[in-house]
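> What follows is a structure written as structure tokens; I'll ask about it next.
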Amino acid sequence: MDVERTALPGIGLQHVLTTARGRQIAVISHRTGRKDLVIYDRDDPDSCVATVKLSTEEANAIAELLGTGRVVERLNDLHRQVEGLVTEQYPIAPGSPYDGRTLADTQARTRTGASIVAVVRGGQVIASPRPDFTFAAGDIVVVVGTGEGTAGVAAILANG
């Protein structure tokens, strides 16, 4: 399944997913933190048939109901299947050199061989964050690699 991510200048970010039956559903993440759940018309994907405005709390509750926690579960399953592979979670602490900086700035994979595969922010999982993803204090960074590599990423996030 593909999720199309589109920047909406001045508004925020839109993620559109097309279901197996051809319906398009979007989540619009406003810069203010508000989220809109949008359902597009089956016959005219440019027309919206319903919009539900969600508070951050409501969006987090729906995300939990839909199983965002499964990303970490799947990584743990993978870890059990591949010897030497570990999955770790590290916080972006207030005052971290990467609070307000992008994933690309870390050069984590180049420097350690480990990969940042997801970020948990406010109860939502951002899987496969892009290089331009900006970290914020309170984010939980999910890292996959060797023990040495994941420890290296922890050091980078803490010390630069």
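The values are calculated or read from the model by the stated rules, or taken from the named source; none is laboratory data. This is a predicted model, so every value here is computed, not measured. Note: ideal-geometry Cβ built from the backbone for every residue, glycine included; neighbour counts use all protein chains shown. We work out accessible area using only protein heavy atoms, side chains counted, and drop any ligands, DNA or RNA first. Shrake-Rupley method; radii C 1.70, N 1.55, O 1.52, S 1.80 Å.
> Identify all residues within the range 110-121 that are touching a helix residue (DSSP H, G or I) at 6+ places or on another chain (Cβ under 6 Å) and modelled with pLDDT under 90; write none if there are none. Walk me through it before giving the result.
As a first pass, look at the range 110-121 and keep what is touching a helix residue (DSSP H, G or I) at 6+ places or on another chain (Cβ under 6 Å): 112-116, 118.
Hit for the range 110-121 is Ala118, nothing else.
> On to the next question. So which residues in the range 95-111 are open to solvent by 30 Å² or more (accessible area, probe 1.4 Å) and either assigned to a loop (DSSP other than H, G, I, E, B) or without any contact (Cβ under 8 Å) to a residue 24 or more places away in the chain (or both), if there are any at all?
Keep residues of the range 95-111 that are open to solvent by 30 Å² or more (accessible area, probe 1.4 Å), which gives 95, 97, 99-102, 104-105, 107, 109-111.
Result: Gly95, Pro97, Asp99, Gly100, Arg101, Asp105, Gln107, Arg109, Thr110.
> Ok, one more. Please enumerate the residues belonging to the range 139-151 that are open to solvent by 20 Å² or more (accessible area, probe 1.4 Å) and closer than 16 Å to Ile92 by Cβ.
Result: Ile140, single match.
> Still on this structure: So which residues in the range 112-138 are assigned to a loop (DSSP other than H, G, I, E, B) and open to solvent by 20 Å² or more (accessible area, probe 1.4 Å), if there are any at all?
Gly113, Gly122, Gly123, Ser128, Arg130, Pro131, Asp132, Ala136, Ala137, Gly138, listed by residue number.
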